[in-house]
Amino acid sequence: MGRAKDIIVKVIPSKLANDFIKKYHYSGKVVNNSKLHFGCFLDERLHGVMSYGHSINKKGTINLVAGTKWSGFIELNRMAFDDVLPRNSESRCIAISMRLLKKNAPHIQWVISFADGTQCGDGTIYRASGFKLVGIAKNTALRVNPKTGEAMHVIQAHHLKMSQEFRTWEAFKGYQFKYVYFLDKSVEANLTLPVLPFSKIDELGAGMYKGQKVTIEERRENAALV
Amino acid sequence: MEIEYIKTSELSVYANNTRTHSDEQVEQLVQSIKKFGFTNPILIDGERQIIAGHGRTLAATKMGMVDVPCIVLDHLNEDERKAYVIADNKLALNAGWDEELLKIEMGALDSLGFDLSVLGFTGDELSGLFLDVNADTFSDSFELDDGDKPPYQQITFTLADQQATIIKEALAKVKSSEEFAVVETYGNENSNGNLLFTLVTQSQWVEQKT
């Protein structure tokens with residue numbers, strides 16, 4: 001693990017988190033729903049941010065695990081790291097944030113997160129952190145505004161009253177991945193979607209890592225060569 | 001000193017002003033004026049030529065302000081005016097920051113939800129201030145709401161302007177009705193919501209269809 005064990009994770013103010021996200025997240029955008037921000041520090045400097053908050057479609061998402069109470073789940077809706085942190089840091093930071101959630105918010109039973117396999121990745125860090133893969137969907141929700149070249153999500157288009165235009169825009173090619181992590185293992189049996197094997201990603205040709213289309217198998221082979 | 005409000009169109013810039021104002025800095029001034037108001041009058045000579053405050057004047061012009069607060073410094077002779085144009089800027093630049101205190105103050109403002117972008121720092125300066133911090137400054141405890149779903153919801157409609165006008169008029173009429181005074185609100189304190197509910201539940205059309 002090397003120096004990854006020296007990383008400290010603390011709750012940080014939204015301004016600090018959002019500035020970092022804008023600078024280091026591939027989208028350059030923050031999520032307004034984010035309410036809880038963890039900063040990842042090494043040598044007294046901030047190198048990573050994980051932002052949690054409620055899901056935009058909370059009513060729809062809550063049904064993912066039957067019997068979940070209104071405040072019983074949270075979404076990890078932004079995660080960004082600079083290039084300074086050592087190997088395995090991301091999964092260590094997630095693990096610490098999960099421990100802090102368990103300690104400070106024991107009513108939260110599970111965490112949902114999405115990986116964007118059109119521009120970023122298929123969720124390597126989530127898989128390494130013990131998340132279950134519960135959905136792979138061809139992207140239709142993330143589209144490019146032809147006038148500005150800017151990416152926009154269907155929900156964002158709705159809020160900006162741009163839904164009609166949005167329907168005419170081209171969707172980014174690729175897949176969206178839905179992952180869930182159980183803080184309370186006892187509710188895992190209430191999952192209403194089947195857990196998908198990670199091999200399904202390669203079966204669908206949906207693999208992506210750091211914005212490049214590449215299968216999980218190819219990544220394994222490359223890692224073995226290093 | 002007396003403050004006079006003078007039309008921006010009547011102010012002239014000092015041709016040899018040595019201070020420069022980028023578009024970005026003028027925009028920062030615009031945001032500051034929007035947030036805090038025009039708190040720092042322009043200093044001008046008796047001919048309404050600017051001595052100090054070129055940036056603020058540019059910002060005011062950009063904002064479409066017709067007049068701005070000014071202080072006339074007509075006690076300065078030409079050499080003194082020339083010197084003060086430089087001194088006013090340079091003396092301010094000679095001040096420093098207590099960076100630790102600055103972090104604390106800005107952290108406090110941030111935690112109150114204050115928009116730090118109006119303070120005049122660039123994004124990189126803000127990041128620098130906060131990124132180079134000791135993790136001990138922050139806590140690892142927090143609270144998250146564990147309550148049930150609030151028993152209220154927002155519904156958004158898109159209406160043609162004509163439809164919106166008719167509906168607003170209808171709601172205004174409902175407001176003075178006896179039905180509105182006694183309608184069941186279910187604890188809802190949103191006036192428009194209760195007006196709409198009154199309108200729908202008291203409508204003959206609804207009665208006929210249900």
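Expressed as a rounded percentage, what relative contact order does chain A have, with Cα pairs under 8 Å and six or more residues apart?
Relative CO of chain A lands at 19 percent.
Considering only protein heavy atoms, what is the solvent-accessible area of B:Met65 at a probe of 1.4 Å, reported in Å² to the nearest 10?
50
If each Cα of region B:1-82 is one equal point scatterer, what is log10 of I(q)/I(0) from the Debye formula at q = 0.10, 0.12, 0.24, 0.26 Å⁻¹?
-0.22, -0.32, -1.21, -1.36
Just to be sure I understand: of the beta bridges DSSP finds with both ends in region B:1-138, what percent are antiparallel, rounded to 5?
65
What is the Cα coordinate range of chain A on the first, second and third principal axes, sorted by size from largest, in whole angstrom?
Cα extents, longest axis first: 48, 46, 37 Å.
What residue among B:Gln49, B:Gln31, B:Gln163 shows peak mean-square fluctuation when chain B is described by a Gaussian network model with Cα springs under 10 Å?
Top of the fluctuation ranking is B:Gln163.
Go ahead and set up a Gaussian network model of chain B, Cα springs under 10 Å, then flag whichever of B:Lys149, B:Lys34, B:Lys90 fluctuates most.
Result: B:Lys149 has the largest fluctuation of those listed.
Under 22 Å Cα-Cα from B:Lys168, which lysines qualify once same-chain neighbours fewer than 8 residues away are excluded?
A:Lys161
Exactly which GluC sites (Glu not before Pro) in region B:160-196 are in a DSSP loop and have at most 15 other Cβ atoms within 10 Å?
B:Glu184, B:Glu189
Return a whole-number percent for the relative contact order of chain B, with Cα pairs under 8 Å and 6 or more residues apart as the contact set.
Dividing the mean separation by the residue count of chain B yields 18 percent.
Among A:Leu100, A:Tyr24, A:Asn88, which residue has its Cα positioned farthest towards the positive end of the charge dipole of chain A, with +1 placed on the Cβ of Lys and Arg, -1 on the Cβ of Asp and Glu, and the dipole taken about the Cα centre?
Towards the positive end, the residue furthest out is A:Leu100.
For region B:30-147, how big is the tail of P(r) above 21 Å, as a whole percent of Cα pairs?
Tail of P(r) above 21 Å: 57 percent of Cα pairs.
Could you pull out the longest piece of chain A with no exposed loop trypsin sites (Lys or Arg not before Pro) in it, calling a site exposed if DSSP puts it outside H, G, I, E, B and it has at most 13 other Cβ atoms within 10 Å?
A:1-86
Among A:Asp43, A:Asp82, A:Asp19, which one shows the highest mean-square fluctuation when chain A is modelled as a Gaussian network with alpha-carbon springs under 10 Å?
Of the options given, A:Asp43 has the highest mean-square fluctuation.
Using the Cα atoms as the points, what is the convex hull volume per residue of chain B in Å³?
About 250 Å³ per residue, rounded to a whole number.
How big is region B:146-210 along each principal axis, measuring the range of its Cα positions in Å and listing the largest first?
So the three principal-axis extents are 43, 28, 26 Å.
Could you sort B:Thr198, A:Thr168 by accessible area so the largest value comes first, with the probe set to 1.4 Å?
A:Thr168, B:Thr198
Under 18 Å between alpha carbons, and skipping anything fewer than 8 positions from A:Lys132 in its own chain: which aspartates and glutamates qualify?
A:Glu75, A:Glu90, A:Asp116, A:Asp122, A:Asp184, A:Glu188, A:Asp202, A:Glu203
If you project the alpha carbons of region A:1-67 onto their three principal axes, what span does each projection cover, largest first, in Å?
Sorted largest first, the three principal extents are 41, 26, 21 Å.
Over the protein assembly as shown, with a single point scatterer placed on each C-alpha, what log10 of the ratio I(q)/I(0) does the Debye formula yield at q = 0.06, 0.09 1/Å?
Here log10 of I(q) over I(0) equals -0.41, -0.84.
Can you give the accessible area of A:Val30 in Å² (nearest 10), computed on protein heavy atoms with a 1.4 Å probe?
40
Looking at region A:120-170, which GluC sites (Glu not before Pro) are DSSP coil and have at most 16 other C-beta atoms within 10 Å of their C-beta?
Answer in residue order: A:Glu150.
If we count every other residue with Cβ under 14 angstrom of A:Ser91's Cβ, Lys/Arg +1 and Asp/Glu -1, where does the sum land?
+4
The values are calculated or read from the model by the stated rules, or taken from the named source; none is laboratory data. Bear in mind that the values here come from a model prediction, so they are computed numbers and not experimental data. Glycine also receives a Cβ, built like all others from the backbone with ideal geometry; neighbour counts cover every protein chain displayed. With ligands, DNA and RNA removed, areas are computed over all heavy atoms of the protein, side chains included. Shrake-Rupley method; radii C 1.70, N 1.55, O 1.52, S 1.80 Å.
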